[in-house]
Amino acid sequence: MEQQYRQGPPPGNYGKRIWYLWGPIVIKWVVGIAVSMIAMGVLSTIYMLADQDAATIAMQSEEKMLELSDEIMAQYLKASTLIEGVAALITIPIMFLFFHFDRVKEKKRGFVPNRKAPIWKYMAGLLLALAMSLGLNNLIIIGNPSDMSESYQATMEAFYSSPLAVQVAVLAVLIPMSEELVFRGLLFKRLRERASYMQAALYSAVVFGLMHGNMVQMLYGFVMGMMLAYLYEKYGSIKAPIAAHMVMNLLSVLATEFKLLDWLMEDSMRIGIVTIVCAFVASTMFVLIQRIEERPIMPDTPEGQDHRVWHCTIDGE
């Protein structure tokens, strides 16, 4: 899947090139920290105003202060999904502007992007994402590495303790949009301007995995990051990885809500069969997606000339 017509490296010195790649990630990280700090400040203020006597006593004792801090942190964790949603809601328009400006610059440079796959072919990408997500989760359960990661357990408990509507809105809509714009729409796409598909996919997937902060999610994030970059490459649109990421997270939310993973863990034969079926579905969808022609339609080819004439006719109507 070599890109046929690469762009040159972004203009500017080495520092500007580093910022060109890492700037969106830094901005996302800063937004997340800022929202977290504001949320912690608001929760602390509310908690202390609600019980001023307890707050006054806590100020006079280090032990009481630690207890108060633990109580505030517990409230923060309960609201962590909503806090992440606010951060994503702020990040999305910023990243969309960067993404839009990149596409405008491409057109000015005369760059011909990969052709976009028709919408009806998106079902294969969604099924690939669902099968890989469920199958990999099953392998994680079978391997039981989550017992080695307390941060993984804490993260999952915090995220899935919110009301179902909040989980769907944040985990299955806002966060996928935010992360795909950053890691595929900007990082992967900008790397792809001057590197091979495999180099860009590996780099962006490693960064995507590392940003998850614990070993279990790092491994899961790396594998899913490779798959999402592949979908972006083959489908030629950021809509493909966004849609795939959304259905994966929605599956995770619903599986947790309706105890699907608990049901699978009750019988080793059951989880094994489901994992094998997921592998079969994923491999079948991969073969179908591999047949999608992603190479650009160049103006100097017969296909490109027919494409241009057709667009001129449409524009003239």
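Worth pointing out:
- Residue pairs meeting the criteria (Cβ under 7 Å; at least 6 apart or on separate chains; first under 18 Å from L130 (Cβ atoms), in the range 266-278; second of a type in the set (G, A, S)): T275/G135; C278/A131; C278/G135
- Number of positions in the range 206-218 that are open to solvent by 30 Å² or more (accessible area, probe 1.4 Å), among the aliphatic types (A, V, I, L, M) and in contact (Cβ under 8 Å) with a residue 40 or more places away in the chain: 2
- When the range 35-48 is limited to residues that are at pLDDT 80 or above and touching a helix residue (DSSP H, G or I) at 6+ places or on another chain (Cβ under 8 Å), the one that is farthest from L68 (Cα to Cα) turns out to be V35.
- Checking each residue in the range 260-298 for being of a type outside the set (A, V, I, L, M, F, W, C) and surrounded by fewer than 14 Cβ atoms within 10 Å (Cβ to Cβ) picks out D262, E266, D267, S268, R270, G272, S283, Q290, R291, E293.
- Filter result for Y203 (free of Cβ contacts under 8 Å to residues at least 60 places away in the same chain, within 19 Å of E293 (Cα to Cα) and either open to solvent by less than 30 Å² (accessible area, probe 1.4 Å) or more than 10 Å from the chain's Cα centre (by Cα) (or both)): no
- Test: residue in the range 69-85 that is assigned to a loop (DSSP other than H, G, I, E, B), farther than 28 Å from E233 by Cα and within 21 Å of the chain's Cα centre (by Cα): yes
- Tallying residues that are of a type outside the set (F, W, Y) and either buried (at least 24 other Cβ atoms within 10 Å of the Cβ) or over 22 Å from M227 (Cβ atoms) (or both) within the range 172-184 yields 6.
- With respect to (1) within 24 Å of I142 (Cα to Cα); (2) over 12 Å from the mean Cα position of the chain (by Cα), the lone exception for S237 is condition (1).
- Top-ranked residue of the range 233-258 - restricted to ones that are of a type outside the set (S, T, N, Q) and part of a loop (DSSP other than H, G, I, E, B), ranked as most open to solvent (accessible area, probe 1.4 Å): F258
- Residue count, the range 188-200 (criterion: closer than 12 Å to I238 by Cβ and touching a residue at least 60 places away in the same chain (Cβ under 8 Å)): 1
The values are calculated or read from the model by the stated rules, or taken from the named source; none is laboratory data. What you are looking at is a predicted structure, and each value in this text was computed from that prediction instead of being measured. Ideal geometry is used to build each Cβ from the backbone, glycine not excepted, and the neighbour counts take in all protein chains shown. These area figures cover heavy atoms from the full protein model, side chains too; ligands, DNA and RNA do not enter into them. Shrake-Rupley method; radii C 1.70, N 1.55, O 1.52, S 1.80 Å.
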